[in-house]
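Chemist: This is the structure, below, for whatever I ask next.
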Amino acid sequence: MRPTTDRVREAVFNSLASLDAVHDAAVLDLFAGSGALGIEALSRGAAHATFVEHDPRVRAVIEQNLRAVELTDRSTVVADTAERFLATDPRVEPYDLALVDPPYDYHGWTGLLASLRAAIVVIESDRSIGLPQDWEVVRAKGYGSTLVAIARTPF
């Protein structure tokens, strides 16, 4: 687990606020880790967050963190890999916001992004990620070894 630093998280959510992308949003936190990104979205007014994490020990941390900040009623924690979740997600409507922060050695970007249905996507990585052709990068910035891109999609 490699949590997003406070500085990066603050910068990302300030950017998202300027895009009015968080308030009342349905949020998807893929590769959720501690759940810090999804919890930040909830604390800034998101309507609901779905946390996807395959590791049971890490999911327990997410659930503990959600209880600690009393946000369990606006969240769902899913035991699955990001890829399987996207392939089987029964949700009809696209998410308003997706937060995608996989381990830095992740190499499944092409398939993952092709199956992701969200209006705005935040991508955190250690390298530039090729986006689908019809996605528009709204903001991109480096923070040390971390690159963050915020993109609008056609959804």
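The values are calculated or read from the model by the stated rules, or taken from the named source; none is laboratory data. Fair warning: this is a prediction, and the values are worked out from it, not measured in the lab. With ideal geometry, Cβ positions are generated from the backbone for all residues, glycine too; neighbour counts draw on all protein chains shown. All accessible areas refer to the heavy atoms of the entire protein, side chains included, with ligands and DNA or RNA removed. Shrake-Rupley method; radii C 1.70, N 1.55, O 1.52, S 1.80 Å.
Chemist: Is the shape of the stretch 56-155 best called rounded, prolate or oblate, per the rule: a/c under 1.5 gives rounded, else a/b larger than b/c gives prolate, else oblate, with a ≥ b ≥ c the square roots of the Cα gyration tensor eigenvalues? Don't skip to the answer; put the middle values down first.
Modeler: Numbers: a/c = 1.69, a/b = 1.36, b/c = 1.25.
Prolate is the answer for the stretch 56-155, as a/c is 1.5 or above and a/b outweighs b/c.
Chemist: Can you give the charge dipole size of the chain about its Cα centre, rounded to the nearest 20 debye, using +1 on the beta carbon of Lys and Arg and -1 on the beta carbon of Asp and Glu? It would help to have the intermediate numbers written out before the result.
Modeler: Details: 15 positive and 22 negative charges, 44 e Å.
Taking the Cα centre of the chain as origin, the dipole is about 220 debye.
Chemist: Turning to a different aspect of this structure: Test of understanding: what is the full-extension gain from R44 to T81, defined as 0.36 nm times their sequence separation minus their Cα-Cα distance?
Modeler: On the way: separation 37, 0.36 × 37 = 13.32 nm, distance 2.61 nm.
Result for the pair: 10.7 nm of gain on full extension.
Chemist: In addition: Looking at the stretch 100-146, which chymotrypsin sites (Phe, Trp or Tyr not before Pro) are in a loop (DSSP not H, G, I, E or B) and have at most 15 other Cβ atoms within 10 Å?
Modeler: Working: sites: Y104, Y106, W109, W135, Y143; in loops: Y104, Y106, W135.
In loop regions of the stretch 100-146 (DSSP not H, G, I, E or B), the sparsely surrounded chymotrypsin sites (Phe, Trp or Tyr not before Pro) are Y104, Y106.
Chemist: Over what distance in Å are the Cα centres of the stretch 97-132 and the stretch 36-53 separated?
Modeler: Centre-to-centre (Cα) distance: 17 Å.
Chemist: Only bridges with both residues in the chain count here: give the DSSP antiparallel percent, nearest 5. Intermediate values should be presented prior to the final figure.
Modeler: Numbers: 13 of 32 bridges.
Of all bridge pairs located within the chain, approximately 40 percent are antiparallel.
Chemist: Which loop-located trypsin sites (Lys or Arg not before Pro) does the stretch 50-135 contain, where loop means any DSSP state but H, G, I, E or B and the Cβ has at most 14 other Cβ atoms within 10 Å?
Modeler: Listed in order of number, the matching sites are R91, R127.
Chemist: Shape verdict for the stretch 1-104, please, from the Cα gyration tensor: rounded (a/c under 1.5), prolate (a/b greater than b/c) or oblate.
Modeler: Rounded is the answer for the stretch 1-104, as its axis ratio a/c remains below 1.5.
Chemist: Can you give the local net charge around T81? Use residues other than it whose beta-carbon is closer than 11 angstrom to its beta-carbon, Lys and Arg +1, Asp and Glu -1. Don't jump to the answer; show the numbers that get you there.
Modeler: Working: positive: R84; negative: E53, D55, D80, E83.
In short, -3.
Chemist: Stretched out fully, how many nm does the piece from N14 to D105 gain, at 0.36 nm a residue minus the Cα gap? Kindly include the intermediate steps, with their values, before the conclusion.
Modeler: Working: separation 91, 0.36 × 91 = 32.76 nm, distance 2.70 nm.
Result: 30.1 nm gained on full extension.
Chemist: Can you give me the % of accessible surface on the stretch 5-118 that is carbon or sulfur? Probe 1.4 Å, all protein chains present, nothing else counted.
Modeler: Working: 2770 of 5440 Å².
Accessible surface attributable to carbon and sulfur in the stretch 5-118 totals 51 percent.
Chemist: Determine the relative contact order of the chain: mean sequence separation of Cα pairs under 8 Å and six or more apart, normalised by residue count, in whole percent.
Modeler: Numbers: 283 pairs, mean separation 29.8, N = 155.
Over the chain, the number comes to 19 percent.
Chemist: Here is a follow-up. So which trypsin sites (Lys or Arg not before Pro) in the stretch 1-46 are both in a DSSP loop and have at most 16 other Cβ atoms within 10 Å of their Cβ? Mind dumping the intermediate values first?
Modeler: Working: sites: R7, R9, R44; in loops: R44.
Of the trypsin sites (Lys or Arg not before Pro), the ones in loops of the stretch 1-46 whose Cβ has at most 16 other Cβ atoms within 10 Å are R44.
Chemist: Name the residues whose placed amide hydrogens come within less than 5 Å of the amide hydrogen of T50, ignoring near sequence neighbours (fewer than 5 apart) on the same chain.
Modeler: V27, L28, D29, T76
Chemist: Rounded, prolate or oblate for the stretch 36-88? Axes are the square roots of the Cα gyration tensor eigenvalues, ordered a ≥ b ≥ c, and the cut-off for rounded is a/c under 1.5.
Modeler: Numbers: a/c = 2.40, a/b = 1.42, b/c = 1.69.
Taking the square roots of the gyration eigenvalues as a ≥ b ≥ c, the stretch 36-88 is oblate.
Chemist: Here's something else I'd like to know. For the chain, what is the mean residue ellipticity at 222 nm derived from helices alone (per DSSP H run of n ≥ 4: -39500 (n - 2.57); sum divided by total residues; nearest 500 deg cm²/dmol)? Mind dumping the intermediate values first?
Modeler: Values: 5 runs with 48 residues, N = 155.
The per-residue figure over the chain is -9000 deg cm²/dmol.
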